[in-house]
Structures are given as C-alpha cells and as structure tokens.
Amino acid sequence: MTEKTGKSLRKPSSSSEVDAFLKKVAAMPQIKPGSRHGRLIFAMDATASREPTWDRACHIQAQMFQETASLGGLEIQLCYYRGFKEFSASSWLRHSDALLKQMNTVACRGGYTQIEKALQHTQNETRKQKVNALVFVGDCMEEKMERLCHMAGELGILGVPAFVFQEGYDLVAERAFRQIAQLTQGAYCRFDAASAAQLRDLLNAVAVYATGGRAALENFSQRQGGVTLRLIHQIKKD
C-alpha cells in the first residue's frame, strides 16, 4: 500500500535459511537436454515501498540471461503489480536488453499487494506452455492468507515451484511467503539491502538450474563461489 509501517531490514538471510533455499533448488525439476528454453515468470511487488530497490532488481534480472545464454537460453516473463488493481505481464523475453527496457518504464506506485493475481497468472501461463518456475520478490502481504494458500496449492499441482524472496522482516509477509513456497514445493529466502549480491547469486542459481540442470549448476557454482557452492555440496550428499 502507499505506506507500510513496521518494516525493518535489520535481519539478513541466516545461513540456515540460505541452505534450506539451496536444497530446494537442488530438488527443482530440470529441463531435459534438447527441450525448449527454460521459462521463468519473475513477479515483483512494485508498490511504493519497493522503489528504493527497484533499480537494483533491474540489473539482477538482466544478469540471469547472461548466466544461461550458453545453456540454450532462458525465457523470462516480467510481472508486477502496483497502484489501484494494476497488474501487468510482459511478453516472453529472451534478451537482457529487452527486459531492462521493460523494467525501466516501470515506476513504483502506492497500492495494496496483489500476490493472488501473480499466482493466477502463473497458472494460466503454464496451462498454455510449461513454466519451470515462478520467482517472486516482495516485502509485504495484505491479502487473505486462505486464498493465497489455495492458489499456491493449485500451482503446486501443476508442478510449478515458487521461489519466494522476502525483502525485509515483515512477519505477516514471512508467514504467507513460507506457505506459498511450501505448497508449491518451492523455497523461501529473506534478503535485505546489504545482501543484494547474495540475492543475485541465488536468482542466477535458479535460472541456471532450470535451464541446464545439475551439471550446468555445478559449473556455475565453481565459477561463482559463495552461497552457490553450498548448493553443490548439498546435491552431492543427496
């Protein structure tokens, strides 16, 4: 909504949260060689409270294309909500320049959350052509929990995991986001303004794994290091 009070960035993602997220990525269904491009829906809260981090998100998303280009490519559809019942979805994009152009036209506006619309849209898209994952980034939840859980459960039945990233430390949002991740067999992770690099690496790990599977992710992790190396270690244990 226009003003969101009580939000704090004092708690970054803990080691256990990151490990839990990475383990979920390891279990994510992967594209088989010779199949279509990986397809991710990237849904974002574009209400007023997210304005300070919107530019950073633009560049993070563009890097996902670069990490997957050599693996056969990635298709991303950008979705966002803002203002009064405004929800928008781009066409399917395969180039970082096109994505940046789309995001640079977006200005954050005050309004209530519309996470249900993002979940419904993802259902509709995967019924047309398989979507490998939904990535959602937000900081607040102002909807009926029961409705969101129902929509997330239906998305889980369709086989689309939701990877949910929470900015800040809103407890109501955390409860909802964890439920969405669980019901879709996806994963939840919190980040803050000081952990943009970690968010970038985690998002790239999802994109690489969705596009090229475990072998591609292992190569990426050896190059990237950081939190992605912990993911490879977990895969080897399974």
Give the residues of the range 157-176 that are at pLDDT 90 or above, surrounded by fewer than 24 Cβ atoms within 10 Å (Cβ to Cβ) and either in a helix (DSSP H, G or I) or of a type in the set (Ser, Thr, Tyr) (or both), sorted by residue number. 157, 171, 172, 174, 175
Return yes when residue 234 is assigned to a helix (DSSP H, G or I), modelled with pLDDT under 75 and touching an Asp or Glu at 6+ places or on another chain (Cβ under 9 Å) and no when it is not. yes
Condition first: more than 18 Å from residue 189 (Cβ to Cβ), β-branched (Val, Ile, Thr), in contact (Cβ under 8 Å) with a residue 24 or more places away in the chain and buried (at least 22 other Cβ atoms within 10 Å of the Cβ). Can you find one or more residues in the range 119-138 that meet it? yes
For the subset of the range 89-108 comprising residues that are modelled with pLDDT of 90 or more and touching a strand residue (DSSP E or B) at 6+ places or on another chain (Cβ under 6 Å), which member is farthest from residue 138 (Cα to Cα)? 92
Tell me whether the range 93-110 contains one or more residues that are within 21 Å of residue 161 (Cα to Cα) and among the polar types (S, T, N, Q). no
Can you give me the number of residues within the range 177-193 that are of a type in the set (D, E, K, R) and not in a helix (DSSP H, G or I)? 2
Enumeration of residues in the range 100-119 that are of a type in the set (Gly, Ala, Ser) and under 17 Å from the mean Cα position of the chain (by Cα): 118
Suppose we keep only residues that are free of Cβ contacts under 8 Å to residues at least 60 places away in the same chain and not in a loop (DSSP other than H, G, I, E, B) within the range 107-118. Which one would you say is nearest to residue 92 (Cα to Cα)? 117
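For (1) of a type in the set (Gly, Ala, Ser); (2) surrounded by 23 or more Cβ atoms within 10 Å (Cβ to Cβ); (3) at pLDDT below 70; (4) in a loop (DSSP other than H, G, I, E, B), each residue gets a yes or a no:
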{"position": "200", "(1), (2), (3), (4)": "no, no, no, no"}
{"position": "213", "(1), (2), (3), (4)": "yes, no, yes, no"}
{"position": "217", "(1), (2), (3), (4)": "no, yes, no, no"}
{"position": "223", "(1), (2), (3), (4)": "no, no, no, no"}
When you look at residue 113, is it closer than 16 Å to residue 78 by Cα, at pLDDT 85 or above and surrounded by 19 or more Cβ atoms within 10 Å (Cβ to Cβ), yes or no? no
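The values are calculated or read from the model by the stated rules, or taken from the named source; none is laboratory data. Keep in mind that this is a model prediction, so the values were computed, not measured. Cβ: placed from backbone, ideal geometry, glycine included. Neighbour counts: every protein chain shown.
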